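The values are calculated or read from the model by the stated rules, or taken from the named source; none is laboratory data. Remember, it's a predicted structure, so these values are computed and weren't measured experimentally. Positions of Cβ are generated from backbone atoms using ideal geometry, with glycine treated the same way; all protein chains shown enter the neighbour counts. Keep in mind that these areas ignore ligands, DNA and RNA; they rest on the heavy atoms of the full protein, side chains included. Shrake-Rupley method; radii C 1.70, N 1.55, O 1.52, S 1.80 Å.
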Amino acid sequence: MAGSLYVVGVTAWGAVHAVQPEEGETVVISGAAGGVGSLAVQLARRTGATVVGLASESNHRWLKSHDVIPVAYGDGVADRIRAAAPSGVDAFIDTFGDGYVELALALGVATDRIDTIADFAAAEKYGVKTDGGVAAGPGAKVLAELAGLIADGHLEVPIANVYPLAQVREAYTELERRHTHGKIVLRP
């Protein structure tokens, strides 16, 4: 399971650092209960920012337990975000794609405070960031920081499911549903 931390952890760390949320600001994170999103919401909360997490209703309880304001995605999401963040949105992290860069712009978020790890066409079109993964910097340093947060009980790594490598097809089928809470892990 520890092996699953590297990619999602470094990606979440890079995305949060790209938008640099600060205390008193509001950041919205799409896919807030997924593998990357579940870590990004926790890392963003550690900055003191208010975090609005876009996720299905089934994940709202978990988000609330991590001091994240849950908002359901789908039709009317912009209005629900505005209601959850009446003072406006300062930063936006998109871990899902599917129009969230455009949504962030419609909410008035500056392009240098928007990061997507999923919609590279929109990033190129609008000039928003695509930080995460390799762009996060030295992986070993970031991984050590994340491991320390986990060891100290300050970061939870939700695991949606564990599959033996022989069931990789089933793992991808679950991943394609795009409604997992946490990371899907393949075990060799």
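Going through segment 90-102 one residue at a time, which ones are open to solvent by less than 20 Å² (accessible area, probe 1.4 Å) and not aromatic (Phe, Trp, Tyr)?
Answer for segment 90-102, where residues must be open to solvent by less than 20 Å² (accessible area, probe 1.4 Å) and not aromatic (Phe, Trp, Tyr): ALA91, ILE93, ASP94, GLY97, VAL101.
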Condition set among the small types (Gly, Ala, Ser) and surrounded by fewer than 12 Cβ atoms within 10 Å (Cβ to Cβ), scope segment 107-124, selection farthest from GLU22 (Cα to Cα): answer is ALA121
In segment 37-71, the residues that are buried (at least 24 other Cβ atoms within 10 Å of the Cβ), over 16 Å from ASP94 (Cβ atoms) and of a type outside the set (A, V, I, L, M, F, W, C):
ASN59
Selection count where residues are outside any helix (DSSP H, G or I) and open to solvent by 20 Å² or more (accessible area, probe 1.4 Å), scope segment 1-25:
6
Which residues, counting only those in segment 26-36, are open to solvent by 10 Å² or more (accessible area, probe 1.4 Å) and at negative phi?
THR26, GLY34, GLY35, VAL36
With the first residue restricted to segment 155-175 and required to be in a helix (DSSP H, G or I), and the second required to be modelled with pLDDT under 90 and of a type in the set (Lys, Arg), Cβ contacts under 9 Å at 6 or more apart or on different chains are LEU165/ARG187
Sole exception among (1) touching a helix residue (DSSP H, G or I) at 6+ places or on another chain (Cβ under 8 Å); (2) in contact (Cβ under 8 Å) with a residue 60 or more places away in the chain for GLU25, by number:
(1)
So how many residues does segment 66-80 have that are under 16 Å from ALA49 (Cα atoms) and either over 14 Å from the mean Cα position of the chain (by Cα) or of a type outside the set (A, V, I, L, M, F, W, C) (or both)?
3
